[in-house]
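A.B. asks: Got a structure here, written out as structure tokens. Questions coming.
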């Protein structure tokens with residue numbers, strides 16, 4: 001169990017269980033995984049788990065992913081958020097980047113591309129986290 005504590009934390013936020021299950025399968029090795037299916041549970045998980053990276057669906061019931069992104073960045077500005085969307089429009093992408101998203105990935109996603117983007121986001125979050133540590 002000790003090894004799990006040192007794994008980077010990844011939060012998967014999607015209202016569709018099948019998408020969450022697929023993403024958990026892809027990232028089960030190398031990450032400590034958390035999941036949420038709503039705005040409320042996503043915000044609670046961010047406060048509790050302090051993930052390095054969040055995979056966030058753009059289209060969610062009762063809210064949109066951009067609002068969730070805004071709240072996540074307000075709570076934990078150092079985490080990197082990758083937006084997942086079936087509606088890959090320039091307007092959505094521009095809005096997501098404006099609110100601090102690391103990147104936008106279309107659904108269905110290419111696993112190799114998504115892994116690369118998550119690793120890049122993790123590297124950026126790790127550098128920022130180390131820079132925030134007090135120097136001894």
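The values are calculated or read from the model by the stated rules, or taken from the named source; none is laboratory data. Computed from a predicted structure; not experimentally measured. All Cβ positions, even for glycine, are placed from backbone atoms using ideal geometry, and neighbour counts span all protein chains on display.
A.B. asks: Would you call residue 18 free of Cβ contacts under 8 Å to residues at least 12 places away in the same chain, exposed (fewer than 13 other Cβ atoms within 10 Å of the Cβ) and within 15 Å of the chain's Cα centre (by Cα)? First the steps, then the outcome.
C.D. replies: Numbers: free of Cβ contacts under 8 Å to residues at least 12 places away in the same chain: yes; exposed (fewer than 13 other Cβ atoms within 10 Å of the Cβ): yes; within 15 Å of the chain's Cα centre (by Cα): no.
So residue 18 does not fit the description; no.
A.B. asks: Identify all residues within region 66-99 that are under 19 Å from residue 114 (Cβ atoms) and at pLDDT 85 or above; write none if there are none.
C.D. replies: 68, 69, 72, 79, 80, 81, 82, 83, 84, 85, 96, 97
A.B. asks: Continuing with this model, one more query. Can you tell me which of (1) farther than 16 Å from residue 101 by Cα; (2) modelled with pLDDT of 90 or more; (3) surrounded by fewer than 17 Cβ atoms within 10 Å (Cβ to Cβ) is the one residue 49 doesn't meet?
C.D. replies: Every listed condition holds for residue 49 apart from (3).
A.B. asks: Here is a follow-up. So, residue 29, is that one in a loop (DSSP other than H, G, I, E, B) and closer than 21 Å to residue 120 by Cα or not? Show your work before the answer.
C.D. replies: Values: in a loop (DSSP other than H, G, I, E, B): yes; closer than 21 Å to residue 120 by Cα: yes.
Yes, satisfied.
A.B. asks: Moving on to the next point. Based on this model, can you work out whether residue 23 counts as in contact with a strand residue (DSSP E or B) (Cβ under 6 Å, 6 or more places away or on another chain), surrounded by 18 or more Cβ atoms within 10 Å (Cβ to Cβ) and over 13 Å from residue 121 (Cβ atoms)? Explain how you work it out, then say what you get.
C.D. replies: Working: in contact with a strand residue (DSSP E or B) (Cβ under 6 Å, 6 or more places away or on another chain): yes; surrounded by 18 or more Cβ atoms within 10 Å (Cβ to Cβ): yes; over 13 Å from residue 121 (Cβ atoms): yes.
Spelling it out, residue 23 is indeed in contact with a strand residue (DSSP E or B) (Cβ under 6 Å, 6 or more places away or on another chain), surrounded by 18 or more Cβ atoms within 10 Å (Cβ to Cβ) and over 13 Å from residue 121 (Cβ atoms).
A.B. asks: While we're on this one: Of all residues in region 106-127, which are modelled with pLDDT under 90, within 28 Å of residue 47 (Cβ to Cβ) and within 16 Å of the chain's Cα centre (by Cα)? Full working, then the answer.
C.D. replies: Applying the first criterion (modelled with pLDDT under 90) to region 106-127 yields 106-109, 125-127.
Next, only the ones that are within 28 Å of residue 47 (Cβ to Cβ) stay: 107, 109, 125-127.
107, 109, 125, 126 - these are the residues of region 106-127 that are modelled with pLDDT under 90, within 28 Å of residue 47 (Cβ to Cβ) and within 16 Å of the chain's Cα centre (by Cα).
A.B. asks: Tell me the residue from 65, 100 that is at positive phi and in contact with a strand residue (DSSP E or B) (Cβ under 9 Å, 6 or more places away or on another chain), please.
C.D. replies: Matching residue, one of 65, 100: 100.
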